[in-house]
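Every read-out reported here was derived from the displayed coordinates using simple, explicitly stated rules and does not represent laboratory data. Predicted model, so just to flag it, every value in this text is computed and none were measured. Cβ: placed from backbone, ideal geometry, glycine included. Neighbour counts: every protein chain shown.
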Amino acid sequence: MKRNLFSFILFLFVLQQANGQLYYTKNGSISFFSKSPLQDIEADNNQVISVLNIQSGQIEFSLLNNAFHFPKAKMEEDFNENYIESDTYPRSSFKGTLININKVDFTKDGNYPVMVKGDLTIHGITKNITANGAIIISKATISAYSSFTVFVKDYDIKIPTIVSNKISEKIQIKINCSYQKK
Amino acid sequence: MRKKLLINIILFTIMAFSTVAFIGFIIWNKPHRNIKDATAVEINAVDLYRALSHDSTKTKSLFVNKIVAVIGKVKQIQKNREGAQVILLQTHIPDASVNCTMEENSTKIKAGDTIEIKGICIGYISTDEDLGLPGDVFLTRCYTTF
């Protein structure tokens, strides 16, 4: 009985320690940009959930594709119905690790370059990617930034032939999240 | 006679092209949905959260991508990275909310107020369960109605 109680208390302690390292946001920002001859395409999603474990460097992002907001309603409609197919693939996510998390001093203000590696899932296709980014510590607030490029063909996103010369194959993705302690 | 026919064909072609171009222009520039004046599905925050956090296709089709008017108690008011106000409405789970990104920032709303928010329901999302962070139901392009 005493042994069981001890195990339970130890479990709670470990759980609390693990939670103490977790930071999260539910209103992170991810945007994308695509240069095209007809009109540049850009959209923002400010409803991104992200969790960062500052001890292990594990980092996750999840978003709903239909939360991307475009300047034009028609662009938004085409993105959801024809390209990303939001009804079939409602969610995009990334699950990975900040490789050099040990270089970040979370107790000291600064801009720390980091490298992140993990699995990016878009349109039901998962690819392993590596990207550069930065962790910024300012007045005890942790923020994460990154910018990287993906190719639509890697995620089986089909662009209709009629507009294929107007839409770039290359999409630049930008991440900007500010975390709070869990 | 042939000259007249040729002129008519040219005029018809120009008119056809102009019509197609005009329709294309109208479609390309059609405005976003008018949230303020639209009819909304009315529901309270707890019920909306319960309905969408369970993965049911039927309940999703009732709310996702629809304009909803959600009544709830304000838990917290935040700002996102773009400076837009985010109002969190309480649910039956302490760390979970109906997360509403506002079109207009208001200084009158405070935590504890019961308000109605009208906006587009995006859906429910969470991270992996092992991280112990419950998901939120998200609303975007929101306005307060009272």
Measuring from its Cα centre, chain B shows a charge dipole (+1 at each Lys and Arg Cβ, -1 at each Asp and Glu Cβ) which, in debye to the nearest 20, is 1120 debye
Chain B, convex hull of Cα, quarter of hull surface, nm² -> 13.7 nm²
In terms of the charge dipole of the stretch B:99-146, which places +1 on Lys and Arg and -1 on Asp and Glu at the beta carbon, the residue among B:117, B:107, B:133 farthest towards the positive end is B:107
Low-density loop GluC sites (Glu not before Pro), the stretch B:31-125, at most 12 other Cβ within 10 Å, DSSP non-H/G/I/E/B, are B:82, B:104
So for R0 = 56 Å, FRET eff. of residue B:7-residue B:145 from the Cβ-Cβ r, to 0.05, ends up at 0.45
Taking r as the C-beta separation of residue A:117 and residue B:23 and R0 as 45 Å, the FRET efficiency to the nearest 0.05 is 0.40
Among beta bridges assigned by DSSP with both residues in the protein assembly as shown, the antiparallel ones amount in percent, to the nearest 5, to 90 percent
Note, residue A:119: beta-carbon cut-off 14 Å, +1 each Lys/Arg, -1 each Asp/Glu, net +1
Under the 7 Å Cα-to-Cβ spin-label approximation, residue A:108 and residue A:38 lie apart by a distance in nanometres of 5.2 nm
Sparse-neighbourhood loop hits (trypsin sites (Lys or Arg not before Pro), the stretch B:99-146; DSSP loop; Cβ within 10 Å at most 14 others) -> B:108, B:110
Summing -39500 (n - 2.57) over every DSSP H run of at least 4 in chain B, dividing by its residue total and rounding to the nearest 500, the 222 nm mean residue ellipticity is -9500 deg cm²/dmol
Given unit charges at Cβ for Lys, Arg (+) and Asp, Glu (-), the dipole magnitude of the stretch A:23-181 about its Cα centre in debye, nearest 20, is 480 debye
Result: in the stretch B:41-144 the number of Lys pairs with C-alpha under 29 Å apart, spaced 8 or more or on different chains, is 24
Within the stretch A:41-112, DSSP-loop trypsin sites (Lys or Arg not before Pro) with at most 11 other C-beta atoms within 10 Å are A:108
Computed for the protein assembly as shown: size of charge dipole around the Cα centre, +1 on C-beta of each Lys and Arg, -1 on C-beta of each Asp and Glu, debye to nearest 20, value 440 debye
For the protein assembly as shown, whose charge dipole is built from +1 on Lys and Arg Cβ atoms and -1 on Asp and Glu Cβ atoms, the candidate among B:22, A:66, B:96 with its Cα farthest towards the positive end is B:22
Taking Cα atoms, the helix A:2-20 axis meets the longest principal axis of chain A at an angle in degrees (rounded to 10) of 40 degrees
Expressed as a percent, the portion of alpha-carbon pairs in the protein assembly as shown spaced more than 39 Å apart is 22 percent
